[in-house]
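Read through the structure below, which is laid out as structure tokens, and then see the notes.
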Amino acid sequence: AANALDDYEEGTWTPQFDANTVTWSYSSQAGYYVKIGNMVHASFYLQASVASGTTSYQVTGDNLPFASANLGGLHNWAGNVWFQSNTQVTPLMNNNSTKFSLYKNQSTVATLTAADVNGVYFVGSISYRSA
């Protein structure tokens, strides 16, 4: 039945950063998930350094274990992140994607750049609706 919760899965995934032209070197990369029906709860721990490329480009989190649902104008994401920096970070799940955007909490909307995440710890857990 469409409303049955018989779809259960748990496992590991490999979180990563993505930014145009940037190559990363990871010192820590771990992720775990539980999927029940179309809801996914994923946790992650990530630390990376820029190996090469332009550090002023926007960075996104990538490689979630399942693509998110396409909810049109709505974005689905519930979770907490801890970022080793004075910058407060808000994630936003992209529709129909395994990526999530990262924004700085400040007076104007600003995206996190590769320079912002270079060499710092990024830890969190998220829940989202899968496709």
Strands (runs of 3 or more DSSP E) within region 1-110 that include 2 or more residues at pLDDT 90 or above and under 23 Å from residue 130 (Cβ atoms): 8-13, 16-18, 23-36, 39-52, 60-62
Within region 8-34, tally of residues that are surrounded by fewer than 13 Cβ atoms within 10 Å (Cβ to Cβ) and of a type in the set (Phe, Trp, Tyr): 1
Answer residue from region 50-75, given it is among the hydroxyl-bearing types (Ser, Thr, Tyr) and more than 21 Å from residue 110 (Cα to Cα) and is most open to solvent (accessible area, probe 1.4 Å) among those: 52
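The values are calculated or read from the model by the stated rules, or taken from the named source; none is laboratory data. Keep in mind that this is a model prediction, so the values were computed, not measured. Glycine also receives a Cβ, built like all others from the backbone with ideal geometry; neighbour counts cover every protein chain displayed. Quick note on the areas: whole protein, heavy atoms, side chains included, nothing else; ligands and nucleic acids left out. Shrake-Rupley method; radii C 1.70, N 1.55, O 1.52, S 1.80 Å.
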